[in-house]
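The values are calculated or read from the model by the stated rules, or taken from the named source; none is laboratory data. What you are looking at is a predicted structure, and each value in this text was computed from that prediction instead of being measured. Cβ atoms come from the backbone with ideal geometry, glycine included; neighbour counts cover every protein chain shown. Ligands, DNA and RNA are stripped out before the accessible areas are found, and what is left, the full protein with its side chains, is counted by its heavy atoms. Shrake-Rupley method; radii C 1.70, N 1.55, O 1.52, S 1.80 Å.
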Amino acid sequence: MFEYAPAPESREIVDIKPSYGLFIGGEWVDSQGENHHKTINPASEEVLAEVAWATEADVDRAVRAARAAFTTWSALPGSERAKYIFRIARIIQERSRELAVLETLDNGKPIRESRDVDLPLVAAHFFYYAGWADKLRYAGFGRRTTDGHSGEDPRPLGVAGQVIPWNFPLLMLAWKIAPALACGNTVVLKPAETTPLTALAFADICRQADLPPGVVNIVTGAGETGAALVSHPGVDKVAFTGSTEVGRMIARSVAGTGKRLSLELGGKAANIVFEDAPLDQAVEGIVNGIFFNQGHVCCAGSRLLVQESVADEVLDALKRRLSTLRLGDPMDKNTDIGAINSAAQLAKIRELAEAGVNEGAERWSPACPIPERGFWFPPTVFTGVAQSHRIAREEIFGPVLSVLTFRTPAEAVEKANNTPYGLSAGIWTEKGSRILWMADRLRAGVVWANTFNRFDPTSPFGGYKESGYGREGGRHGLEAYLAV
Ligand code: NDP
């Protein structure tokens, strides 16, 4: 392996306050409760800041602020709303280095990923939905007139209660807030307990953009805060990204209330490599599919299905490639694999990896020094995996790949679909006809061909079965925030 000189990004650019309150009605306010929570850097376990844990009363205050703001915000012409959203997008671009550093410190992901993937996509989302704000009547959801357009803009839903996870904190915020605002809704958003800092920085951006008070409200806290938000009677729309288990609880609490709900839950995606695929490129796609963001990706290609005739060749190349990945300080621009987001997530990954060994699969990791402090897990490959193994069925949400083989395309489809999830899939082959044949048969919301984990604000994203329902992104993503 090459020796690299360290290339640390400076953290001087971010100014983290020792403690944060809640952002309600355009102001920073104290929580009415006593509880505070320390958010730490998972790469060093250093405390970054203390944040308030919003109580039910705080959530109620935030929902009321959003309700009050809805009257004027929803009455603004779309072109006026667009100006605010464009302004937010531009401020995100201007402050992107600062936000990337903050995301990496709070989440543990490599700075290269937060700088080159997360932040550009965050800004792109706001730009994209800003463009829709004055064109909603052309989105195809309203009543049609003879010229094919509805004569009037479809109506917003009201107050959106949004709960997001820790794997892409600011990007998930963008996926939720940008379409909601473009459609004329106001929002109360709860970031994940381990990654609140970029959402709080976003609150500051809303002030900088002169967004009317109450249009965006940020309440930090744990599961109870999320539960209080989604069950609040003043919320008209609930949007959740996270585990299938919590998604189920939310679906139960929302059932029968008339609230609209979209759920983006877990996955166990198959990344399928045929013998005619460009194998070097496929190996890069496998690495990107499961080791990007430490595998904390709901659509990660966590099951590699490789055609038996090339299995040895692909595995050899994959192991060679994994031996070159650099795990360590997320703030170093050379780093490929950062820290696991929390001690709890690390424990879950370890437990599932041990289950893989106990069930008889063979475990392999490259030689890879692990830092002493912080939460780390080496890139890991399991071979000899059976479909019944837990590591082939359960979402590990870590840098762990389970390898299975197949002989025919029909067998690949059957194995790929043999999961309670249905979020994404990847196909690697030279034949266009085979891509189409496979894509027709795969029960997955997103199917990538000769690539993986590619995101764009213009394309819809979402799942089947236990991966949830509703779409985010693209024109389809507007539907979740309009009364149609
Ligand atoms: P959760 O689903 O618990 O967390 C997602 C968000 O929901 C967080 O903001 C969380 O708050 C909040 N929340 C928790 N309980 C409730 C509730 N009862 N009502 C409303 N909101 C609630 O995921 P975890 O962080 O616990 O991760 C567990 C597993 O979920 C992971 O190991 C992974 O397999 C999967 N996961 C999948 C994701 C995906 O994108 N599909 C994203 C994250 C996790 P808080 O953080 O404070 O608990």
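A few points about this structure:
- The residues on offer are 267, 247, 242, 223, and the sole one that is free of Cβ contacts under 8 Å to residues at least 40 places away in the same chain, within 14 Å of the ligand (Cβ to nearest atom) and of a type outside the set (A, V, I, L, M, F, W, C) is 223.
- Complete set of residues in the range 75-103 that are over 30 Å from residue 42 (Cα atoms) and either open to solvent by less than 40 Å² (accessible area, probe 1.4 Å) or not in a helix (DSSP H, G or I) (or both): 76, 77, 78, 81, 82, 85
- Boolean, residue 294 is under 29 Å from residue 245 (Cβ atoms) and in a helix (DSSP H, G or I): yes
- Filter pass, residue 333 being of a type in the set (D, E, K, R), touching a residue at least 60 places away in the same chain (Cβ under 8 Å) and open to solvent by less than 30 Å² (accessible area, probe 1.4 Å): no
- Only one of 435, 427, 396, 370 that is among the aliphatic types (A, V, I, L, M), open to solvent by 20 Å² or more (accessible area, probe 1.4 Å) and either touching a Phe, Trp or Tyr at 6+ places or on another chain (Cβ under 8 Å) or within 16 Å of the ligand (Cβ to nearest atom) (or both): 370
- Single match in 344, 317 (criterion: within 20 Å of residue 105 (Cβ to Cβ) and either open to solvent by 10 Å² or more (accessible area, probe 1.4 Å) or within 16 Å of the ligand (Cβ to nearest atom) (or both)): 344
- Residue, nearest to the chain's Cα centre (by Cα), within the range 334-376, restricted to residues that are among the basic types (Lys, Arg) and within 25 Å of residue 315 (Cα to Cα): 350
- All of 351, 359 fail the test of being in contact (Cβ under 8 Å) with a residue 24 or more places away in the chain, among the acidic types (Asp, Glu) and surrounded by fewer than 17 Cβ atoms within 10 Å (Cβ to Cβ), apart from 359.
- Test: residue in the range 189-202 that is crowded, with 24+ Cβ neighbours inside 10 Å, more than 19 Å from residue 48 (Cβ to Cβ) and polar (S, T, N, Q): no
- Scanning the range 118-133 finds no residues that are within 20 Å of residue 62 (Cα to Cα) and of a type outside the set (Lys, Arg).
- Restricting the range 203-221 to residues that are closer than 11 Å to residue 22 by Cα and of a type in the set (S, T, N, Q), the residue that is surrounded by the most Cβ atoms within 10 Å (Cβ to Cβ) is 217.
- With respect to the conditions (1) in contact with a Ser or Thr (Cβ under 7 Å, 6 or more places away or on another chain); (2) surrounded by fewer than 21 Cβ atoms within 10 Å (Cβ to Cβ), residue 379 falls short on a single one, namely (2).
- In the range 172-202, the residues that are within 11 Å of the ligand (Cβ to nearest atom) and farther than 22 Å from residue 37 by Cβ: 175
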